[in-house]
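Rule-based calculations on the coordinates, nothing more; no lab input. These figures come from a predicted structure and were not determined experimentally. All Cβ positions, even for glycine, are placed from backbone atoms using ideal geometry, and neighbour counts span all protein chains on display.
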Amino acid sequence: MAQKLKRRTGELLELISTSVPSGLIPFIAGPGDLDAVRAFSQEIFRDNALDRAYLRHSLGPGHSLVFGLKMDGRIVACSALEINMVQKRIYITEIGVSESCRGRNLALWMMGRIQQIAAIYGYRHITSHVTLGNTASLNLHKKFGMKPQRVCAEYFHDGQDAYYMHKQVAA
Ligand SMILES: CC(C)(COP(=O)(O)OP(=O)(O)OC[C@H]1O[C@@H](n2cnc3c(N)ncnc32)[C@H](O)[C@@H]1OP(=O)(O)O)[C@@H](O)C(=O)NCCC(=O)NCCS
């Protein structure tokens with residue numbers, strides 16, 4: 001089985017503090033960040049933002065991780081992950097970058113950290129769902145090495161179809 005992430009020990013923060021883009025500060029969100037993470041999710045995903053109940057669970061004791069980058073104390077890049085130790089799988093629930101910071105490889109930086117976490121803690125699969133028409137996100141996932149496995153009809157709650165994306169992580 002894969003190892004449980006030690007979110008509260010500082011170990012993960014140390015792990016993601018590599019190759020940090022200049023001028024930005026990495027963070028791992030805790031319960032006190034709920035409002036800031038929710039506001040960021042609303043800024044990026046509008047009506048499809050992560051809801052408070054989901055975030056409360058994600059930022060609480062459950063096995064999930066919300067992390068990203070801040071600039072001047074404000075979240076500019078954020079990713080929410082669900083982590084399944086039995087399936088050795090990290091599922092990217094959400095990944096987003098503020099409009100003003102796009103095109104600077106911040107999303108790729110987050111993907112790189114997810115891969116690093118997976119490799120170190122023994123997770124073998126990184127998965128996600130991406131809307132068929134989201135070219136930027138599809139290109140990002142493909143550039144990171146994720147491949148579309150199948151189309152899931154009406155996967156998102158607004159009725160949009162999605163590709164199920166997958167990447168195998170080497171042991
Ligand atoms: C998708 C998103 C996270 C990319 O963030 P970003 O930090 O600008 O991406 P990066 O700079 O790391 O780009 C990495 C790669 O993604 C792809 N990409 C990013 N933006 C793109 C765009 N507008 N058009 C086409 N491809 C794009 C490219 O392949 C790029 O590599 P390249 O610059 O060498 O061509 C960002 O556009 C975003 O937040 N979009 C809205 C939210 C969203 O759709 N999230 C994904 C949900 S599944």
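Just a few scattered comments:
- Subtracting the Cα-Cα distance of LYS88 and SER22 from 0.36 nm times their residue separation leaves 20.6 nm of extension gain.
- Across VAL86, VAL20, VAL151, mean-square fluctuation computed from a Gaussian network of the chain (C-alpha pairs under 10 Å connected) peaks at VAL86.
- Of LYS6/LYS147; LYS4/LYS70; LYS143/LYS167; LYS6/LYS88, pairs whose Cα-Cα distance is over 20 Å: LYS6/LYS147; LYS4/LYS70
- Residues MET110, MET71, MET1, MET146 arranged by fewest to most Cβ contacts within 10 Å: MET1, MET71, MET146, MET110
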